[in-house]
Amino acid sequence: MYKTAFNKVSVVGLGYIGLPTAAVIASRGVEVVGVDVSQHAVDTINQGKIHIVEPDLDMLVQSAVTTGKLRATIEPEPADVFLIAVPTPFSEGFKPDVSYIETAVKKIAPVLQKGNLVILESTSPVGTTEKISEWMSEIRADLSFPHQNSEQADIHVAHCPERVLPGYVIQELVTNDRVIGGLTPQCAEKAKDLYQLFVKANCIVTDARTAEMAKLTENSFRDVNIAFANELSIVCDKLNINVWELINLANRHPRVNILKPGPGVGGHCIAVDPWFIVDSCPDEARLIRTAREVNDSKPEFVINKIRKVAEAFKQPKIALLGLAFKADIDDLRESPAVDIAQKVIQEKLGDVLIVEPHIKELPDKLQAGHVKLVSLVDSFAAANVIVTLTDHSAFKQVKPSILHEKVIIDARGIWE
Ligand SMILES: NC(=O)c1ccc[n+]([C@@H]2O[C@H](COP(=O)([O-])OP(=O)(O)OC[C@H]3O[C@@H](n4cnc5c(N)ncnc54)[C@H](O)[C@@H]3O)[C@@H](O)[C@H]2O)c1
């Protein structure tokens, strides 16, 4: 049992971030009430089960629910801390959609009490933490908020972005450093007290805007570096240079470390968050915008290669290896591999054999007449064109010499 000033924590949004966070806090002996708009999520959790895939989460949730430390509900109730982990996608024109945050905050405002701490964990455009303070004050004129009278406010508000890696969430929630941005220094210190309950790494305080920008910067840094590699692959193709050999050679320089090119950038973080910076500073964030455009153009480059190769066959049989957006996971969200597969199917470039060892059936949008989900071995037996789209470990183990009669488009550089 840990000694803490927080007796009851409410986690709003029980998805990939909220549920593990709720379970870890509950495992420290604190009462946790999870709030979600999904009745299915609430019912599943209250049975001690989970509705998402994350290693070790099932045991943690089961134990927290059994010991009475964790329960879920649709309607918010009073607590000492409210931790918000709802989605922040982008809408038409790559505009950040903070409506989930606004709805969540307006729902908790009526149950707020003097002394409460509200923490925004969702990845958010700069200025959102201040906005949530304003939204709450519109509903609770009887309370004071940090954007109004600074240190004396009744409610404390902070932003603490999440940077866990899916598949390692339970471990990284405890071992990753946390950046904690308060609307005031006091808000930051109060939030730090909460995180120190379960974080073994450094909890570093700053202001809310810097914390918001820190998260967006991390993912934009990755995106820009991947875009450099992807642009190199397109340039090298035109100049008839093997990009994989080129990058290996350039990386011999002691201060050069070029990433690997691929078929594009997927997932719901790196492909999304840089747009939040571009939206805030459209004239200034030129490099960040261009990186997004370069990465978003890469699937079309791969499709073009497939078109050209397929033309040479009377009966093209195209094996697409991998649908997930990165290696060794089953997550197909925003995956460029799925977009490429969809285009190849729509354009009827040939019979399509999809190999994705991490799923049991194809997503609806890839269900069509001449498309099959097959094993790696079966794809090699049948295909005359092989395209690598995800660098799953199972694919890396293949010796390319066994594929000498096939045309290979190695968009991931697995066999280079
Ligand atoms: N998943 C990751 O790996 C990851 C990593 C870092 C940051 N993030 C960020 O964390 C935030 C949450 O992401 P996630 O992956 O957990 O999303 P998710 O879609 O898995 O879960 C969000 C949950 O919030 C619920 N919800 C939506 N509106 C609600 C409301 N008004 N009140 C209560 N619940 C509501 C949904 O039903 C869902 O269960 C996002 O901003 C995301 O960008 C995610």
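The values are calculated or read from the model by the stated rules, or taken from the named source; none is laboratory data. All values derive from a computational prediction rather than experimental measurement. Positions of Cβ are backbone-derived with ideal geometry, glycine not excepted, and every protein chain shown enters the neighbour counts. Note: accessible area is taken over every heavy atom of the protein model, side chains too, but ligands, DNA and RNA are not part of it. Shrake-Rupley method; radii C 1.70, N 1.55, O 1.52, S 1.80 Å.
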Tell me the residue from 265, 278 that is in contact (Cβ under 8 Å) with a residue 60 or more places away in the chain and part of a loop (DSSP other than H, G, I, E, B), please. 265
How many residues are within 12 Å of the ligand (Cβ to nearest atom), over 15 Å from residue 288 (Cα atoms) and small (Gly, Ala, Ser) if we restrict to segment 256-277? 1
Pairs please, first residue from segment 339-357 and of a type in the set (Gly, Ala, Ser), second anywhere and surrounded by 22 or more Cβ atoms within 10 Å (Cβ to Cβ) and assigned to a helix (DSSP H, G or I), Cβ atoms under 9 Å, 6+ apart in sequence or on different chains. 350/306; 350/344
Of all residues in segment 136-182 being over 18 Å from residue 25 (Cα atoms), in a helix (DSSP H, G or I) and open to solvent by less than 30 Å² (accessible area, probe 1.4 Å), which is nearest to the ligand (Cβ to nearest atom)? 136
For a quick check of your reading: which helices (runs of 4 or more DSSP H) sit entirely within segment 1-85 and have at least 1 residues that are open to solvent by 60 Å² or more (accessible area, probe 1.4 Å) and within 11 Å of the ligand (Cβ to nearest atom)? 39-46
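Listed here are the residues, each with its yes/no results for (1) under 23 Å from residue 94 (Cα atoms); (2) hydrophobic (A, V, I, L, M, F, W, C).
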residue	(1), (2)
236	no, yes
247	no, yes
255	no, no
264	yes, no
279	yes, no
288	yes, yes
301	yes, yes
Can you work out which of the residues in segment 344-361 that are more than 27 Å from the chain's Cα centre (by Cα) and not in a helix (DSSP H, G or I) is nearest to residue 391 (Cα to Cα)? 353
Do you know which residues across segment 51-104 are within 20 Å of residue 137 (Cα to Cα) and of a type in the set (Phe, Trp, Tyr)? 82, 100
Qualifying positions in segment 219-255 - under 30 Å from residue 184 (Cα atoms) and either open to solvent by less than 60 Å² (accessible area, probe 1.4 Å) or at pLDDT below 95 (or both): 219, 220
Does any residue in segment 5-31 that is among the acidic types (Asp, Glu) come within less than 8 Å, Cβ to Cβ, of a residue that is surrounded by 18 or more Cβ atoms within 10 Å (Cβ to Cβ) six or more places away or on a different chain, and which pairs are these? 31/9; 31/69
